[in-house]
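The values are calculated or read from the model by the stated rules, or taken from the named source; none is laboratory data. Remember, predicted model here, so these are calculated numbers, not experimental data. Positions of Cβ are generated from backbone atoms using ideal geometry, with glycine treated the same way; all protein chains shown enter the neighbour counts. Side chains included, ligands, DNA and RNA excluded: accessible areas come from the protein's heavy atoms. Shrake-Rupley method; radii C 1.70, N 1.55, O 1.52, S 1.80 Å.
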Amino acid sequence: IMRIQGIVLLLLGAFMASSSLQAQTMSTQYQEVAGGYALLYHGELEAGYPYGYYANTPYANEYTKGKVVFNGVLYTDVPFRLDCYTRRVVMQSPGGKFNVKLDPVEIPRLTMGKWDYVWLTKKEGSPEDTYYLVLFEGTGWALYKQYYVSNISKVYVDGLSKQKFSLKERVWLRKGNKWIVMDGRNDFISRFKEYKAQLKKFCADEKLRPNERREEDWVKLAAYCETLAK
């Protein structure tokens, strides 16, 4: 009996080792075929905004291809869009079958189109827990753009009651521990008074009129200001 038990245990151990080796082999093969992409597409699926119930949607953009680093792997050409109501970035799976909300703890930074987005929280001093578009990051200061939903109203379309999201955006200057809303170039220049003359001349020469929707002008102004501080 003892001998039979020993044989059974030996066979069981061999089976478990074989199963473990097979699982490792399958995992390796899967990674080679999928290229690791399957690891990114996990988490909470987006419920979305059913057509017919909303007059508009709270997305700041249509799906835009970008890139992100997750668990040390670089993923490129991933379609992203920003939901200003849930304050989450949503990614589209290959083939467009699923929409998955990113976990900002796992992915605090990504690139959408040509712009970087960073997840910042109130605990870190930011006005809201959300993804901010990075306009410029300087030495001890930064410029961010925030998309947000200011309110949700009820409207009637063809006699049907629907929800309408009011989409807004604002530019923030983070200088030290302070976050200041920037309505234009004068607001920015007033925060860098030591370079007032140079910044005004630069704006005039370059015909810069930065506001919420002129991201490139903000980038040029901020980049020039950074050179003055060096």
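Across segment 33-184, Cα pairs under 8 Å and at least six residues apart give a relative contact order of 19 percent.
Averaging Cα coordinates gives a centre for segment 136-161 and one for segment 176-227; these two points are 22 Å apart.
In segment 67-168, the convex hull through the Cα atoms has an average projected area of 8.8 nm², a quarter of its surface area. Give me the Debye-computed log₁₀ of I(q)/I(0) at q = 0.11, 0.12, 0.15 Å⁻¹ for segment 87-230, equal point scatterers on Cα only, no solvent, two decimals. Computed log10 I(q)/I(0) values: -0.52, -0.61, -0.85. Ordered from highest to lowest accessible area with the whole protein assembly present and a 1.4 Å probe, GLU137, GLU212, GLU169 read as GLU137, GLU212, GLU169.
Karplus-based coupling profile of segment 165-170, in residue order and whole Hz: 8, 9, 8, 10, 8, 8, with θ = phi - 60° in 6.51 cos²θ - 1.76 cosθ + 1.60 and x standing for Gly or Pro. Computed from backbone phi with θ = phi - 60° and the Karplus coefficients 6.51, -1.76 and 1.60, the 3J(HN,Hα) list for segment 63-79 is 4, 10, 5, x, 9, 7, 9, 9, 6, x, 10, 8, 10, 10, 6, 8, x Hz; x is used for glycine and proline.
Stretching the chain fully between LYS65 and SER150 yields a gain of 27.9 nm (0.36 nm per residue, less the alpha carbon separation).
Segment 132-206: Rg/Rh from Cα coordinates, Kirkwood Rh? Radius of gyration relative to Kirkwood radius: 1.21. Less than 5 angstrom separates the built amide H of GLY138 from those of LEU143, all sequence-distant by 5 or more or on a different chain. For segment 98-148, the square roots of the Cα gyration tensor eigenvalues, ordered a ≥ b ≥ c, give a/c of at least 1.5 with a/b no greater than b/c, which places it in the oblate category. Packing order of peptides 220-226, 109-115, highest average first: 220-226, 109-115 (average count of other Cβ atoms within 10 Å over each peptide's residues). Stretching ASP205 away from PHE98 to a fully extended chain increases their span by 33.7 nm, per 0.36 nm per residue minus the current alpha-carbon distance. Summing charges over all other residues whose Cβ lies under 12 Å from the Cβ of LYS114, with Lys and Arg as +1 and Asp and Glu as -1, gives -1. Rolling a 1.4 Å probe across all protein chains gives LYS67 an accessible area of roughly 100 Å². Taking amide H positions as modeled 1.01 Å from N, with prolines and chain starts lacking one, the residues under 5 Å from THR130 and 5 or more places away or on another chain are LEU120.
Roughly to the nearest percent, how much of the accessible area of segment 38-176 is carbon and sulfur, given a 1.4 Å probe?
Using a 1.4 Å probe with all protein chains present, segment 38-176 comes out at 50 percent carbon and sulfur.
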